[in-house]
Structures are given as structure tokens and as C-alpha cells.
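**Student:** Below you'll find the structure I mean.
Since every read-out is calculated from the coordinates, none of them should be taken as a lab result. Just so we're clear, the structure is a prediction, and the values are computed from it rather than from any experiment. Neighbour counts run over all protein chains shown; Cβ positions are idealised from the backbone, glycine included.
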Amino acid sequence: MNSGAMVWSVRRELWENRSIYLAPLIVAAVIALGSFAAVRHNLQPDKLATHDELVGGVLMGTTLLVAIFYCLDALYGERRDRSVLFWKSMPVSDWTAVLSKMAVPMVVLPVVTFVLAIVTQLIMLLAASACLSMKGQSAAALWNLPWLQMSSGMLYHLITVHSLYYAPIFGWLLLVSAWAKRLPFLWAFLPLAAIGVIEKIVFNTTHFATMLGSRISGGMEADPAKGGAMMMLWPSHPLEFLTRPGLWIGLAIAATCVAGAVRLRRYRDPI
């Protein structure tokens with residue numbers, strides 16, 4: 001695969017789909033502006049740390065929604081607008097075209113999320129420090145918070161959950177985007193819902209729904225020790241994460257979906 005063509009294809013996706021970075025940028029700007037109003041109150045260091053964790057959570061939720069809608073429209077939009085006829089005339093293989101689209105939710109959006117979260121947290125920290133200084137108080141406690149640990153934890157979560165663990169979801173959405181002639185959103189979710197309903201009716205079990213729910217929630221599972229409450233039961237060590245069978249099964253499903261999307265893009269007619 002030509003790396004230059006791959007980089008060019010990813011840049012094309014960013015150029016054609018500005019919501020990839022505009023949507024999280026707008027959310028980050030709103031959070032930063034809101035922080036200026038919040039710092040007028042006497043924020044304690046533990047409260048500021050909670051607010052910064054909330055920044056990461058909101059941005060990750062935003063970019064996840066962006067990834068879902070992007071994947072559903074990535075290949076469908078080409079066929080709908082008939083721009084697929086133009087892009088197929090370019091010296092770029094179908095594999096490169098589809099993999100560049102897969103790189104957006106798995107690589108580009110996690111990077112955008114991490115950078116915007118760090119910048120927004122830094123703005124909130126500077127604003128809080130300035131507010132405390134004007135009141136004659138020391139901001140040393142704010143700067144002594146475990147910022148490096150918090151940032152590395154967010155980066156680890158983005159790589160493991162929002163990139164690798166969500167890979168089969170992104171692959172499935174791209175496959176539907178390449179196949180559906182209309183309403184890709186419904187075609188993406190109705191078959192999965194139908195499988196869950198059929199399993200419940202025929203076998204009176206909910207294994208598929210539980211598995212799918214855990215995958216969509218990013219590893220949230222019911223913890224019997226806490227009365228069935230939903231907890232993030234996620235390995236903290238990379239080696240433990242890499243040895244999980246669910247990870248590799250999901251990546252295999254993602255690879256199969258991407259291969260199917262490549263084949264459909266090659267032979268599917270414009271809408």
C-alpha cells in the first residue's frame with residue numbers, strides 16, 4: 001500500500017468532512033467559555049480535577065457520535081452524490097480509500113479528542129489560577145494535581161476503548177454504508193436488534209444483547225459484587241488488555257467488515 005496515497009486520502013476525508021474536527025472544537029470552546037464563569041467561585045483542587053475529567057468524558061462522547069455518523073455516511077455519501085465515480089478514477093486503490101475512512105474514527109478522532117481535552121483543561125487551569133491569584137490565594141495546589149497521570153489515563157482509554165475496542169462497530173457501520181441504498185442508520189441497527197429479539201424468543205437468552213451492550217458501552221459490565229451495578233471492568237495493564245479474546249475477536253470482525261466494504265465499493269453502483 002502506498003503510504004503517500006494513504007496520507008493524501010486521510011487528508012481528503014478531513015477536507016470533505018469538516019465536522020470531524022469542528023464539532024469537538026465547538027464543544028471544547030463552549031466548555032472553555034463555561035469555565036471562565038465557573039472559576040469565579042472558589043473551586044477546590046478536587047472539584048477542578050472532577051471538572052477536568054468531565055471535559056474528557058464530554059469530548060469523548062462527542063467524538064464517538066461524530067465517528068458513528070461519519071462511518072454511516074462515508075461510503076453511502078459517495079454513492080449518493082456520485083462522487084464515487086470521480087474518486088474511482090483517481091490512482092488510489094479501494095483498499096486505500098476504505099482504510100483511510102477507517103483511520104478517521106480509529107486514529108484521527110482519538111488524536112483530536114486528546115489534543116482538545118488537554119488544551120481545554122490547560123485553559124481551565126490557567127483561568128482558575130488567575131482567579132485565585134486575584135483573590136490573593138495560592139494556586140500551587142492546582143498545579144500539584146496528578147495531571148500527567150490523568151492525561152496518560154485518558155490517552156490509554158482512547159487507544160484501548162475508542163480505537164481498538166470500537167473497531168468492529170466502525171467496521172460494521174462502514175460495511176452498511178457501502179451496502180445500503182437508503183436509510184443506512186436503520187440498516188445498521190435494525191438487524192442487530194432483530195438478532196437480539198429472535199434469540200430471546202427462540203432460546204430465552206440475551207447473550208447477544210449483553211455482548212453488544214458491553215461492546216457499545218466500551219466495556220461496561222454488571223458487577224455482582226456491587227449488586228449488579230454497571231461498572232467499567234477494564235484492565236489497567238496493556239498486556240492484560242492485549243490478551244483479552246474479545247479484543248482479537250472484535251478486530252477480526254472489523255477486518256472482515258472492512259474487506260466486505262472494499263469489495264462493495266469496487267462493484268456497488270451509485271445510488
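**Student:** Compute the signed sum of charges (Lys and Arg +1, Asp and Glu -1) over the other residues within less than 15 Å, Cβ to Cβ, of residue 76.
**Tutor:** +2
**Student:** With label points built 7 Å along Cα→Cβ from the Cα atoms of residue 107 and residue 65, find their separation and express it in nm.
**Tutor:** Reported label-point gap for residue 107 and residue 65 is 2.7 nm.
**Student:** Right, here's the next one. Go ahead and run the numbers for FRET between residue 182 and residue 203, Cβ-Cβ distance against an R0 of 35 Å, rounding to 0.05.
**Tutor:** Plugging the Cβ-Cβ distance into 1/(1 + (r/R0)^6) gives 0.60.
**Student:** Now for a separate question. According to a simple spin-label model (label point 7 Å from Cα along Cα-to-Cβ), what is the distance in nm between residue 8 and residue 53?
**Tutor:** 4.7
**Student:** Can you work out the PRE-style zone for residue 244? Point 7 Å along Cα to Cβ, and I want the residues of the stretch 147-168 with backbone N under 19 Å.
**Tutor:** Counting backbone N atoms under 19 Å from the label point, the list is 152-168.
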